[in-house]
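Data first, discussion second: the structure below is written as structure tokens.
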Amino acid sequence: MTGADRPEPHDEPDRTGGTDRTGGTDRTGGTDRTGGTDGSGGFGGGAYGSGAGPRIPMPRASVEDTGLPMPGLPVPGQPLPGPAVPGPPPEAAPAAPPLVLDHAVLKSLLGAWALSACSAEEALAVEEHLGDCGPCAEEALRLRDAVGLLRPEESLDLDPGLRTRVLESCLGRRPPRIPVPEWAVPYDAETARLDALLKDIGDAEWHAPVRLRWFDDEGPVSRKTTVAGVIAHLIAVDGMVGLALGLDDPLGAEVRVPRDPDHRTEAYWRASYFPPTRAVRTPWREQTHELIRTVSFAGDGSGRLPVPYGPVPAPGDDAGPEARAVELPLRDAMTDRAFECWIHAGDIADAVDYPYAPPAPRHLHHMIDLAARLLPGTLAGRRRSGLATPSRGLVAAGAPGRSLRLEIEGHGGGEWLIPLDSPAATASRDHEVAHVALDGVEFCRLAAGHVSPEEAAAGQDGDREAIRDVLSSAASLSRM
């Protein structure tokens, strides 16, 4: 072993007497690290003993600790300054004497102290007084708690209307060459908000359980799935609008299922990897972009294109689920898809404990307006099935009949007159028999089947049977 490879004594202590590194062998029990022998039998002097000074020098004092001024930066063209001449540090300025205030003055300063509005000397005097005066200390705590209520914590989540305001500002300066139709903007906004939520969740949260809820003729229905399963459901149902626009079916051309949300969703779940994973996010987002591009290039006039949406069998008709299909204009179908995207985004947010706000007021108004316009037809269908009270008389098309005034409060709200006797009747305030008032979000939760008609927080006045039929019809608008 060479000298460079020989271990240091503090790595492997010498147990036989050791070697004196100063030129001789120490036989007295230890190795003298400083040139002599430490009679204590342990490591020699230095930092561990009482011999000579430490072998490793202590750290040098910082210039901040000496009281000397900091050296200035060198000036180009001038010689560097020499070393500072050692000398005693300059004397510090004498500290200002503490304020001496009487009890009344200190008590009057408690409010300013709680608001952090006192000077440093006043704050020091108040805090010293609080250690000696119990009543003032209790008052100071109450004032400090009150100040905390005046300064509530601000949410770190972005304002849900921020994206809309930024886009409006940008488009106001430079209008788009191919604008998105107004009736497709809510769908564009809600899919973007849901996509932002999906970007924030982790891989494990894609398998968080989610319960889809809706109402049918017999009452509440639910279906258990996962976050990824909800996105797969949106892919399948959005595909119905895509088929009306001539786009490819996400289920595949070879899959033949009835055009209703339930059958299409079950078929997509069976055909894809089950349970679905976060891989469904990419095809869903690409599909939403393709829908927006297509309707934008088609122009605003495409809003009248019929979309076979949610086929419903006629009551008493045994011809199968395709016997009577409900058709919505494309503009209403896109609003419906925006509504369902928001509702299911809320389901996902609840499952992963994520804050989620309602849509922008003008988008919410479009959704409420669509539900209110669908209520007369839904009520007539429930009446034919025996689920609503019979009409109190035949009303000719266009003639005035009984009506219910639906008042939606809050952002995006308004008033709608709902004809009760026939969808073709004219609603008139002169024939108003009932009045219902709901919050906008509460009405949407009712229309989505997330709250029962009996539990809806609604102000009611007038004909109780008409009110019950309209609220039940609103819940019947929901589906998987």
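Before moving on, here are some points about what is shown:
- Charge dipole of segment 103-150 (Cα centre as origin; +1 on each Lys and Arg Cβ, -1 on each Asp and Glu Cβ, all else neutral): 200 debye, rounded to the nearest 20.
- Segment 118-132 and segment 368-389 have Cα centres lying 70 Å from one another.
- Modelled this way, with points 7 Å down the Cα-to-C-beta line, the labels at residue 149 and residue 369 are 4.2 nm from one another.
- Prolate/oblate/rounded call for segment 103-150, Cα gyration tensor, a/c under 1.5 rounded: oblate
- Inter-centroid distance (Cα atoms) of segment 163-210 relative to segment 211-256, Å: 20 Å
- Prolate/oblate/rounded label for segment 181-351 (Cα gyration tensor, a/c 1.5): oblate
- Taking a ≥ b ≥ c as the square roots of the eigenvalues of the alpha carbon gyration tensor, segment 182-240 is oblate, as a/c is not under 1.5 and a/b does not beat b/c.
Readers should treat all values here as calculations from the given coordinates under stated rules, not as data from a laboratory. Not measured: the values here are computed from a predicted model. Ideal geometry is used to build each Cβ from the backbone, glycine not excepted, and the neighbour counts take in all protein chains shown.
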